[in-house]
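Novice: Questions regarding the structure given below will be posed in turn.
The values are calculated or read from the model by the stated rules, or taken from the named source; none is laboratory data. Keep in mind the model is a prediction, meaning the values are calculated, not measured. Ideal geometry is used to build each Cβ from the backbone, glycine not excepted, and the neighbour counts take in all protein chains shown.
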There are 4 protein chains.
Amino acid sequence: MATDPRNGTERTPDRLEAFSDAVLAIAITLPVTELHAPEPEHGSLAAGHLKLMPEYAAYLLSVVLIGLYWAHSHFSGKLLQKTDHGYNLLSIGFLAAVSITPFPDRPLFEHLAGDAERRTAALVYLGVAGAPATWWFARWIYATARRLTDPRLAETYLRRLTIKYGVTALAYWAAFALALWNWVAGVVAAGIVSLSYVVPPAKPIYKLGQQPG
Amino acid sequence: MATDPRNGTERTPDRLEAFSDAVLAIAITLPVTELHAPEPEHGSLAAGHLKLMPEYAAYLLSVVLIGLYWAHSHFSGKLLQKTDHGYNLLSIGFLAAVSITPFPDRPLFEHLAGDAERRTAALVYLGVAGAPATWWFARWIYATARRLTDPRLAETYLRRLTIKYGVTALAYWAAFALALWNWVAGVVAAGIVSLSYVVPPAKPIYKLGQQPG
Amino acid sequence: MATDPRNGTERTPDRLEAFSDAVLAIAITLPVTELHAPEPEHGSLAAGHLKLMPEYAAYLLSVVLIGLYWAHSHFSGKLLQKTDHGYNLLSIGFLAAVSITPFPDRPLFEHLAGDAERRTAALVYLGVAGAPATWWFARWIYATARRLTDPRLAETYLRRLTIKYGVTALAYWAAFALALWNWVAGVVAAGIVSLSYVVPPAKPIYKLGQQPG
Amino acid sequence: MATDPRNGTERTPDRLEAFSDAVLAIAITLPVTELHAPEPEHGSLAAGHLKLMPEYAAYLLSVVLIGLYWAHSHFSGKLLQKTDHGYNLLSIGFLAAVSITPFPDRPLFEHLAGDAERRTAALVYLGVAGAPATWWFARWIYATARRLTDPRLAETYLRRLTIKYGVTALAYWAAFALALWNWVAGVVAAGIVSLSYVVPPAKPIYKLGQQPG
């Protein structure tokens, strides 16, 4: 057995990563079970498919959002040296928050087309959308405070990520606040924040002479 | 191929851990499919969401409980040197018992608000809640009796865990017995036992001169 | 990169094992979604639970059977040196056959209590129960014919497994044939075959001087 | 820590493979939940099973198709040296496209038996069937353009795969176009393309003196 700089409940991050990947894999696949088979409308199956468009759009949105969260989890696992009990519990909060994001997608799309409830639907959607980014930020703050990150990473790089994650969480809640005043503006703003996840994360910067490899 | 101190059906614990993680990942994510889309109540979507509060609470409770079981599984895998057929079968019992815990959550929350059936709902809930801790204890007794644990761990440490796991299982059944007399007291007692899982497990203690690293 | 005695589509068995574990983890957990919340019968929740007994029994049976298949997969992975395309495809057949086993459990339990359809329910159950053992045997024959097994294993040991797996598959189909004549006898016979999986598999026997470790 | 030729968001392919395997494992198992328990038809359970034949056929088709995609993913992971953010996002597109393939299977089988909507059902089926092959091709083009593949692989081998994947994707869309004219011919053509996946992929060819092992 190799030497082990971890103690107590600390372990290398790979097992949390595996669990996390499994939860996200299920969360990204489950929305498919929400899709209904089309019922021919007045004898037309094509019209039946058209009527299901909000479901298809909701499925697409779920997959894109959970997929982006997975891609960023995939990256961030590289930055950790170890995980502990507190980090694991915060991760469960994050994963539960992501798993629930597909839930308010369909009401949002169904109510988009103009009824009086679309503001409520939008607010619920935005509240649920802001949760994962908030858990992510809380987990990161915990990881840096407990020094769970790779000790070779430059402090400036860690600080930059802290700012980035904080700003993202804040931006979701700003979108929520905006939606109290104008729900369309709020949804658009949150959409832009989510889209920013498509940008690849910045390359890790290591302390002088300590980059791996 | 490295030397292999295991024989017969014995293997290193990593594959059981992977299977176990996968089952818990699914068990923690599946309750999301039980959430219904809100129906506007008398034209109000907000009222529709309010009416679903027992569902949301049940989902939250499921996630917290399964998440805590995962976090402790994550820790305990570190204590094993190997697993065998009997340990695998006991693990399946444990996993099935955890998977079923979300099931009686919703009836409990729905009946909380005063109808005559809440005592039955509470007893079912408590019976199901006590099962995973009981399987966990049985599996641990088996692991120590069959010497599947890391041989470097101190005997006092192993004994301490045996006592802890036994007391936890017993406490759940005491809560069940209490509920026969007063169901509120029983549910509160079981809640306190579950909350005790938030406390991180004690650091492993190794025999003199045998700590890894 | 280490030297690699595999070529073409051959890979070490670990990735097939991971996929296989994931499928079995899902298959063992999904039946929980089939459990219905109890409806109070004539105002009694306890009676509602009693009425769901066939569901609970079906869930239990599913978990036990899939769990045993997992435990044996867990063991057999140890016997392989590599996997190839054909072995992967046969594994998918095996996994699909296992995934579908929970399906006829409930009809069987519901019809047990005496109606005219219980013979049909029993035959469907037995046909589905025999499939995984048959795929398992086919896959094993393929693995030995293509020399995918660990080359250090003794030929007598491999032959013994071939006989064991062949007899098990045959025993399921004998139970099916028996059920054509007397369905109770058929179900009991198949139950005994399934229970035989509780016995741990025999320790691997290696060629002289080639045992690992 | 070993030397690490990857930087930025690049990681070894194993974690993407694990995520990918998990998604495919779920996608292949979920269709089982779509199977309904048979209802005795005019008192006959056997007739009830017969009526469910389109469901059984749809389940079988889903399992075979997703299983084949998994087997090819299993192979292709061997060809990569690393993955990056863009490759991960394209993989999510591929996985979502595969997850959704079981969806139009049942309408196809239900409408096969002659009603006026079978052409629409066939076109939807073919559009959904062509998507995974198209994402697969796009991902491969990206991987070769970004040099994510194992640098020891011969250029001729990579080019041969590019042609193979491109032709497969094109063949699906040709089947779609054919179905606009004659839906039966289109479905048969797509079936032949899917069946071609049963053929094992060609053995990797390495540059002179660079084959692993």
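Novice: Could you list all residues from the range D:44-53 that are more than 8 Å from chain C (Cβ to nearest Cβ) and either of a type in the set (Val, Ile, Thr) or in a helix (DSSP H, G or I) (or both)?
Specialist: Result: D:ALA47, D:GLY48, D:LEU50, D:LYS51, D:MET53.
Novice: Ok, one more. Given the conditions (1) within 14 Å of another protein chain (Cβ to nearest Cβ); (2) touching a Ser or Thr at 6+ places or on another chain (Cβ under 9 Å); (3) of a type in the set (Val, Ile, Thr), and given that A:THR162 satisfies all but one, which numbered condition is not satisfied?
Specialist: (1)
Novice: May I pose another question? Can you pull out every residue in the range A:19-33 that is in contact (Cβ under 8 Å) with a residue 12 or more places away in the chain and among the polar types (S, T, N, Q)?
Specialist: Listed by number, the list holds a single entry, A:SER20.
Novice: Another question, if that's okay. Any idea which of D:LEU90, D:LEU170, D:LEU80 is touching an Asp or Glu at 6+ places or on another chain (Cβ under 8 Å) and either away from chain A (no Cβ under 14 Å) or buried (at least 18 other Cβ atoms within 10 Å of the Cβ) (or both)? First the steps, then the outcome.
Specialist: Details: D:LEU90 fails: touching an Asp or Glu at 6+ places or on another chain (Cβ under 8 Å); D:LEU170 fails: touching an Asp or Glu at 6+ places or on another chain (Cβ under 8 Å).
From the options D:LEU90, D:LEU170, D:LEU80, the qualifying one is D:LEU80.
Novice: Got a number for residues in the range C:180-213 being over 16 Å from C:VAL64 (Cα atoms), part of a helix (DSSP H, G or I) and within 14 Å of another protein chain (Cβ to nearest Cβ)?
Specialist: Total meeting the criteria: 2.
Novice: Would you please name the residue that is nearest to B:HIS74 (Cα to Cα), looking only at residues in the range B:94-117 that are surrounded by fewer than 23 Cβ atoms within 10 Å (Cβ to Cβ) and within 8 Å of another protein chain (Cβ to nearest Cβ)?
Specialist: B:ILE100
Novice: Among the residues of the range D:38-58, write down those that are within 30 Å of C:ALA18 (Cβ to Cβ) and touching a residue at least 40 places away in the same chain (Cβ under 8 Å). Working first, answer last.
Specialist: Taking the range D:38-58 first, the residues within 30 Å of C:ALA18 (Cβ to Cβ) are D:55-58.
Of everything in the range D:38-58, those that are within 30 Å of C:ALA18 (Cβ to Cβ) and touching a residue at least 40 places away in the same chain (Cβ under 8 Å) turn out to be D:GLU55, D:ALA57, D:ALA58.
Novice: Can you list residue pairs whose Cβ atoms sit under 9 Å apart, with the first residue in the range D:84-103 being touching a residue at least 12 places away in the same chain (Cβ under 8 Å) and the second being part of a loop (DSSP other than H, G, I, E, B) and of a type in the set (Gly, Ala, Ser)? Count only pairs 6 or more apart in sequence or on different chains.
Specialist: Filtered contacts from the range D:84-103: D:ASP84/D:GLY8; D:HIS85/D:GLY8; D:PHE103/A:ALA37.
Novice: Tell me the residue from A:THR120, A:THR134 that is polar (S, T, N, Q) and away from every other protein chain (no Cβ under 11 Å), please. Step through it out loud before you land on a result.
Specialist: Numbers: A:THR120 fails: away from every other protein chain (no Cβ under 11 Å).
None of the other options fit; the residue is A:THR134.
Novice: Go through the range D:23-37 and count every residue that is closer than 21 Å to D:SER91 by Cα and at the interface with chain C (Cβ under 7 Å from one of its Cβ atoms). Show your work before the answer.
Specialist: Our first condition is that a residue be closer than 21 Å to D:SER91 by Cα; within the range D:23-37, this holds for D:23-30.
Next cut, at the interface with chain C (Cβ under 7 Å from one of its Cβ atoms) only: D:25-26, D:28-29.
The number of residues fulfilling the criteria is 4.
To keep it simple, each residue is scored yes or no on (1) touching a His at 6+ places or on another chain (Cβ under 7 Å); (2) surrounded by fewer than 19 Cβ atoms within 10 Å (Cβ to Cβ); (3) farther than 25 Å from C:PRO107 by Cβ.
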| position | (1), (2), (3) |
| --- | --- |
| C:ALA122 | no, no, no |
| C:ALA129 | no, no, no |
| C:ARG152 | no, yes, yes |
| C:TYR157 | no, yes, yes |
| C:ALA174 | no, yes, no |
| C:ALA177 | no, yes, no |
| C:TRP181 | no, yes, no |
| C:ILE192 | no, yes, no |
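Novice: Checking the conditions here, which among C:ARG11, C:ARG106, C:ARG6 is over 21 Å from the mean Cα position of the chain (by Cα), more than 17 Å from D:LEU24 (Cβ to Cβ), at pLDDT below 75 and among the basic types (Lys, Arg)?
Specialist: On the way: C:ARG11 fails: more than 17 Å from D:LEU24 (Cβ to Cβ); C:ARG106 fails: over 21 Å from the mean Cα position of the chain (by Cα).
Every option except C:ARG6 fails the conditions.
Novice: Here's something else I'd like to know. Restricting to the range C:54-72, what's the tally of residues that are small (Gly, Ala, Ser) and either facing another protein chain (nearest Cβ under 8 Å) or surrounded by fewer than 21 Cβ atoms within 10 Å (Cβ to Cβ) (or both)? Explain how you work it out, then say what you get.
Specialist: In the first step, residues of the range C:54-72 are kept if they are small (Gly, Ala, Ser); the result is C:57-58, C:62, C:67, C:71.
Narrowing further to those that are either facing another protein chain (nearest Cβ under 8 Å) or surrounded by fewer than 21 Cβ atoms within 10 Å (Cβ to Cβ) (or both): C:57, C:67, C:71.
Qualifying residue count, the range C:54-72: 3.
Novice: Additional query: Does D:LEU195 meet the test of being out of contact with any helix residue (DSSP H, G or I) (no Cβ under 8 Å at 6 or more places or on another chain) and within 28 Å of A:LEU30 (Cα to Cα)? Steps first, please.
Specialist: Working: out of contact with any helix residue (DSSP H, G or I) (no Cβ under 8 Å at 6 or more places or on another chain): yes; within 28 Å of A:LEU30 (Cα to Cα): yes.
Taking the combined requirement at face value, the residue satisfies it.
Novice: Which residue pairs have Cβ atoms closer than 6 Å, lie 6 or more positions apart in sequence or on different chains, and pair a first residue in the range B:142-164 that is touching a residue at least 60 places away in the same chain (Cβ under 8 Å) with a second residue that is exposed (fewer than 13 other Cβ atoms within 10 Å of the Cβ) and polar (S, T, N, Q)?
Specialist: B:ARG152/B:GLN210
Novice: Quick one: is D:TYR157 over 30 Å from A:VAL32 (Cα atoms), touching a Pro at 6+ places or on another chain (Cβ under 7 Å) and part of a helix (DSSP H, G or I)?
Specialist: When the stated conditions are applied, D:TYR157 passes them.
Novice: Being within 22 Å of B:ALA22 (Cα to Cα), part of a helix (DSSP H, G or I) and either touching a Pro at 6+ places or on another chain (Cβ under 8 Å) or modelled with pLDDT of 85 or more (or both) narrows it down to one of A:ILE92, A:ILE163, A:ILE141, so name that one.
Specialist: Numbers: A:ILE163 fails: within 22 Å of B:ALA22 (Cα to Cα); A:ILE141 fails: within 22 Å of B:ALA22 (Cα to Cα).
Checking each option against the conditions leaves just A:ILE92.
Novice: Right, here's the next one. Just checking, does the range B:199-213 include any residue being within 21 Å of B:VAL98 (Cα to Cα) and exposed (fewer than 14 other Cβ atoms within 10 Å of the Cβ)?
Specialist: From the range B:199-213, those within 21 Å of B:VAL98 (Cα to Cα) are B:199-201; that's our starting set.
From the residues that got through so far, the ones that are exposed (fewer than 14 other Cβ atoms within 10 Å of the Cβ) too are B:199.
So far as the range B:199-213 goes, yes, one or more of its residues are within 21 Å of B:VAL98 (Cα to Cα) and exposed (fewer than 14 other Cβ atoms within 10 Å of the Cβ).
Novice: Right, here's the next one. Please enumerate the residues belonging to the range C:73-84 that are in a helix (DSSP H, G or I) and either at pLDDT below 90 or polar (S, T, N, Q) (or both). Walk me through how you get there before you give the answer.
Specialist: Residues of the range C:73-84 in a helix (DSSP H, G or I): C:73-79.
If the condition is that a residue be in a helix (DSSP H, G or I) and either at pLDDT below 90 or polar (S, T, N, Q) (or both), then C:SER73, C:HIS74, C:PHE75, C:SER76, C:GLY77, C:LYS78 are the ones that fit.
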